[in-house]
Amino acid sequence: MGKIALVLHGGAWDIPPDLVEPHRTGMQKAIAAGWKVLQKGGSALDAVEASIVVMEDDDTFNAGRGSFINAGGEVELDASIMNGATFRAGAVAAVQNVRNPITLARRVMEKSENVLLVGMGASRFAREQKVKLCSQDDLLTLRELDRWRTMQSDPHFKPKDAFRKKRTASDTVGAVAIDKKGNIASGTSTGGTPNKLPGRVGDSPIIGAGTYADNGIGGVSTSGWGEAMIRVVMAKTVVDLMERHGGDPEKATQEGLKVLVRKVDGYGGVIALNARGEIGIAFNTPRMARAFMHTGLREAVALV
Ligand code: GLY
């Protein structure tokens with residue numbers, strides 16, 4: 001059996017002290033869910049989906065319930081997933097009333113001929129696929145309503161500032177896994193940036209920007225200021241850097257961040273895993289919630 005491994009992120013941003021513990025606990029639950037799948041011989045895709053569903057259901061994170069509210073007062077969600085064995089991918093963007101967008105993204109990959117569905121079309125596909133729907137109220141939290149009200153009175157707020165020090169924004173969850181067959185999968189899910197324009201789509205559902213997987217090299221998921229991530233095609237850039245550096249995920253994530261800063265003055269974090277099950281994590285925000293587990297460890301590591 002090859003080495004199995006799983007790495008997660010739960011947001012790269014200035015996590016305030018009172019939210020550190022909820023993030024750590026949430027990461028522990030999420031890594032336990034994905035690891036259980038891998039340990040039982042399940043697929044990397046199942047593990048990625050299982051971990052991300054846990055984070056989408058936990059309102060600590062900016063994904064699923066607890067997501068940011070857009071300038072129109074609504075929650076619009078983005079997610080993607082990619083199978084490194086087949087290069088198939090599925091994604092949804094600006095979708096409303098879907099409890100677990102990562103599951104819908106997977107259905108797009110497996111039950112349609114398309115890669116990306118948006119808005120009303122994505123919601124219709126969710127109904128056809130019997131993916132769990134919910135009301136806007138089910139996705140809203142008091143914490144985010146308070147943040148949204150505050151932002152309505154701050155005309156100078158820019159989404160990029162949300163990832164810098166002293167701003168209380170959350171960001172995006174993601175997972176990358178390799179299973180016992182050596183198959184690699186990556187996935188990412190988010191509510192986007194706070195007070196975003198209705199219809200705004202970030203990096204998370206863009207294959208190559210937020211998510212990428214290639215069995216021959218590795219997989220990547222990103223977290224951070226999406227506009228910058230899109231401009232440097234961050235996830236694919238890090239996969240390419242891994243290939244250039246003999247598969248080294250640590251070097252690739254660190255160099256990827258340097259590219260992000262040098263070219264577009266970006267902020268965020270990135271997780272990567274290679275075809276040998278080795279893991280790399282890098283971020284340039286004050287904190288990033290992250291967790292990992294592989295066959296060489298006795299227990300999972302969760303850090304904030
Ligand atoms: N990285 C999430 C977003 O910018 O939407």
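The values are calculated or read from the model by the stated rules, or taken from the named source; none is laboratory data. The structure displayed is predicted, hence computed values, not measured ones. Note: ideal-geometry Cβ built from the backbone for every residue, glycine included; neighbour counts use all protein chains shown.
Annotations
- Ala105 vs. criteria under 11 Å from Ser189 (Cβ atoms) and either modelled with pLDDT of 95 or more or surrounded by fewer than 18 Cβ atoms within 10 Å (Cβ to Cβ) (or both): yes
- Flag for Ile230 being within 15 Å of the ligand (Cβ to nearest atom), in contact with a strand residue (DSSP E or B) (Cβ under 6 Å, 6 or more places away or on another chain) and either at pLDDT 95 or above or of a type outside the set (D, E, K, R) (or both): no
- Residue in the stretch 247-262 that is in contact with a strand residue (DSSP E or B) (Cβ under 7 Å, 6 or more places away or on another chain), surrounded by fewer than 19 Cβ atoms within 10 Å (Cβ to Cβ) and on the phi > 0 side of the Ramachandran plot present: yes
- Within the option set Leu260, Leu297, Leu241, Leu273, being in contact with a Pro (Cβ under 8 Å, 6 or more places away or on another chain) and either away from the ligand (no atom under 14 Å from the Cβ) or in contact (Cβ under 8 Å) with a residue 24 or more places away in the chain (or both) holds for one residue only, Leu273.
- Scoring Ser51 on the criteria (1) crowded, with 16+ Cβ neighbours inside 10 Å; (2) outside any helix (DSSP H, G or I) leaves a single failure, condition (2).
- Residues being part of a helix (DSSP H, G or I) and out of contact with any helix residue (DSSP H, G or I) (no Cβ under 6 Å at 6 or more places or on another chain) - total across the stretch 107-150: 27
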